[in-house]
Amino acid sequence: MSRGRFITLEGGEGVGKSTQLRELAAALRGRGINLVTTREPGGSPGAEAIRGLLLTGDEGRWSPRAEALLFAAARADHVEQTIRPAIDAGQWVLSDRFVDSSIAYQGGGLGLGGEAIRALHRFGSEDFLPDRTLVLTLGEAEGRGRAEERDGGASDRIGGRDAGFHRAVDEGFQRIAAEEPERVRLIDASGSETEVTARLLAALDDLP
Ligand code: TYD
C-alpha cells in the first residue's frame, strides 16, 4: 500500500482558513483521495483535553514556555494517535494548523524563537513534518477585519492578543516559508473562495 500524504493548512487570524479547509478537503475527496481532516490544538482525545487548557482562561494563565510545551505535548499525542496511523494506512491527512503555528505564534509572537520550538518538536514528535504546508496570507488590516467580523470582536486566549503579537505571527510564517520553500508555500487568500481553493490545489500539484 502506498504511504499517504500529510498536508497542513496555516495562517493568522481571519484569513478564511476554516472555509478553505472544508473546500480543499471536498476537492481532494472529489479526486478520489481517501482523506481525513483534523485540527490543532487537538485531533486526538488527549490533545483535545489539552486544547481546553490552552484556549480558555486568563491571558496570563501560562508562561510562554509552559504554553509552548503544552502545544508540543498535544502535538506529540496527535501525531502518535491520529496522524501517523492514518498515513501508515495509506490515507491522506489534512490538518488545520500544526507545528508551523507554534513556530509563528509561540516562536514569533511570544518571542521564544523558532529554534526552541523546533527543538521541542524534535523531542515530542521526532521531527515529524508535513509533506506540504499551505499558509494563507492576507494584508494585516484585511485579516484582522475579517476575524472581528466573524467573532464579533470576541476571541480565544491567543486569538485575542494585540496587533503587535499578530504582526509577529505573520512575520513568523513569512520566515518559515523563506527557510523551507520546498515544504512551505504562501498562498494569497484574497479574492473569491473558489479562486483561493484553486490556488491551494495548484500548490499541491508538484507533491512527490
Ligand atoms: P482555533 O479556535 O482553532 O482558531 P483558528 O480558527 O484561528 O485556527 O484556535 C487556535 C488558536 O491557537 C489560534 O489562535 C492559534 C493558536 N495556536 C498557537 O498559538 N500555537 C499552535 O501551535 C497552534 C496549533 C495554535
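The values are calculated or read from the model by the stated rules, or taken from the named source; none is laboratory data. All values reported here derive from a predicted model rather than from experimental measurement. Cβ atoms come from the backbone with ideal geometry, glycine included; neighbour counts cover every protein chain shown. Areas reflect the complete protein model, heavy atoms only, side chains present, ligands, DNA and RNA absent. Shrake-Rupley method; radii C 1.70, N 1.55, O 1.52, S 1.80 Å.
Considering only residues in region 168-208 that are of a type in the set (A, V, I, L, M, F, W, C) and assigned to a loop (DSSP other than H, G, I, E, B), the one that is surrounded by the fewest Cβ atoms within 10 Å (Cβ to Cβ) turns out to be L207. When only residues in region 139-167 that are closer than 19 Å to L186 by Cβ and open to solvent by 30 Å² or more (accessible area, probe 1.4 Å) count, which is modelled with the lowest pLDDT? For region 139-167, the residue satisfying everything is R144. A search for C-beta distances below 8 Å between a residue of region 64-76 that is more than 16 Å from I158 (Cα to Cα) and among the basic types (K, R) and any residue that is modelled with pLDDT of 95 or more and within 9 Å of the ligand (Cβ to nearest atom), counting only pairs 6+ apart in sequence or on different chains, returns R75/E40; R75/P41; R75/F98; R75/V99; R75/S102. Considering only residues in region 10-34 that are more than 10 Å from the ligand (Cβ to nearest atom) and open to solvent by less than 10 Å² (accessible area, probe 1.4 Å), the one that is farthest from V93 (Cα to Cα) turns out to be Q20.
Residues that are modelled with pLDDT under 95: find the helices (runs of 4 or more DSSP H) completely inside region 62-112 holding 3 or more of those.
Working: elements: 64-78, 84-88, 99-102.
Helices (runs of 4 or more DSSP H) meeting the threshold: none at all.
None of G113, G108, G52 is within 11 Å of the ligand (Cβ to nearest atom), within 18 Å of the chain's Cα centre (by Cα) and open to solvent by 10 Å² or more (accessible area, probe 1.4 Å) except G108.
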